[in-house]
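For reference, the structure discussed in these notes is given below.
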Amino acid sequence: MALTSNNWLQRNLKGDPILWAIVLLFSFISIAVVYSATGTLAYKKMDGNTEHFLFKHTALILVGLGFMWAAHRIDYRYYSRLALYALLISVPLLLFTYLMGSNINEASRWLTIPVVNQTFQPSDLAKLALISHLASMLSRRQQHLDDFWTTLFPVMLWVGIICGLIILSNASTALLLFATCLLLMFIGRVPLRQMAVMIAIGVVVGGAGLATGQRGKTVMSRVTNHFASAQDPTKKVPFQLEHSYIAIATGGITGKGPGKSTERNILPHPYSDFIYAIIIEEYGLLGGGVVLFLYLAFLYRGLKTVMNSYGAFGGLLSAGLSFSLVLQALVNMGVAVGLGPITGLPLPLLSMGGTSLIFTGISIGIILAVSRGEREVRPMTGEPDDTARIPSKRAAYA
């Protein structure tokens, strides 16, 4: 029986086994913490039926794991072709969402899917598509990285369009995506002088997007409040951060215990934006440290996949998606402990969400597909391209 189970796992769960274990562990933690954090929400909206959100969130996690499994079974080289089509779909979706999407908290970020009545953020699709297409462009232009029109211009065009559209209604997501793209360009050996041009253009486009978009005043207010309270301890911190600090301070080393949070009844979105504060309150600094360690372990395994990949595209794809997820996690946790201004970013793999769990699952599935280790081939001959690995000595190309 054990032998049969092992054979089934080997046939169906391919790729990095440690990465599989990390994701499954995150899933169990998420179910437990979201169940606890949604107590007040259930009381208000579901007449005290706390199991409603437990079953809904568990179902979404299972759907996300299903998409992850499906994505990891596909040869990752196909994602190079699919990325461009996904980008072409993302642009009109982002425009439509900004003009006619559901307005929540003074921002139009969501579309409501008919029939299932589930909200969907086109920025999730655009983020995945842009990282994948950027990895594809850089891998195909490794011999022309100094050519502005061949390499930087198409990269700059797509990054500017997607980040520019997203920043109109979601500044934190746009800035994080832009930072991820810069990291990917650095890993892909783009010369630093070209990256400096990219940053300059990003500042101009980003500033224009903030000024004309829906979130400019909110962003400036949050940044101003953060630095004002950091410089002057007598200034009152924002309501969310105040109760996040209380949750962390009362959690201590070992926490109050599962389901015993009190700040979940006061904090806005304790199951999403500030779920890390609830984790520390219930499981203590030890629990918070374990979650941080798991994210760093996830990043390590993703970058190990980069080192072991047989081609530039696979390595860049895995690096971009790994950094995207972990950087978002670090920003979310940093906000909860007061290291940065408040954002609306959820904690990947842990926060309660809808379609974001599906796109997170697809992203991890792609990383697992790269970790399976298929060789990339030369476009003209079809022979294995062992020379396309990303060189380890970047300095020679800077």
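Tabulated data
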{"read-out": "Near pairs, Cβ below 7 angstrom, 6+ apart or cross-chain, from segment 31-46 (assigned by the TED database to the domain that holds residue 261) to any residue that is of a type in the set (Asp, Glu) and part of a helix (DSSP H, G or I)", "value": "36/282"}
{"read-out": "Residue match in segment 54-69 (condition: farther than 30 Å from residue 276 by Cα, modelled with pLDDT of 85 or more and either more than 22 Å from the chain's Cα centre (by Cα) or in the same structural domain as residue 210 (by the TED database) (or both))", "value": "no"}
{"read-out": "Selection count where residues are farther than 14 Å from residue 313 by Cα, open to solvent by less than 50 Å² (accessible area, probe 1.4 Å) and not in a helix (DSSP H, G or I), scope segment 61-94", "value": "0"}
{"read-out": "From the options 128, 176, 184, residue that is in contact with a Phe, Trp or Tyr (Cβ under 7 Å, 6 or more places away or on another chain), surrounded by 16 or more Cβ atoms within 10 Å (Cβ to Cβ) and either at pLDDT 90 or above or assigned to a helix (DSSP H, G or I) (or both)", "value": "128"}
{"read-out": "Residue in segment 256-275 that is within 29 Å of residue 177 (Cβ to Cβ), part of a helix (DSSP H, G or I) and assigned by the TED database to the domain that holds residue 366 present", "value": "yes"}
{"read-out": "Some residue of segment 292-301 being small (Gly, Ala, Ser), open to solvent by less than 10 Å² (accessible area, probe 1.4 Å) and in a helix (DSSP H, G or I)", "value": "no"}
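The values are calculated or read from the model by the stated rules, or taken from the named source; none is laboratory data. Note that this is a predicted model, so its numbers are computed, not measured. Don't worry about glycine lacking a Cβ; one is built from the backbone with ideal geometry, like all the others, and counts go over all protein chains shown. Ligands, DNA and RNA are stripped out before the accessible areas are found, and what is left, the full protein with its side chains, is counted by its heavy atoms. Shrake-Rupley method; radii C 1.70, N 1.55, O 1.52, S 1.80 Å.
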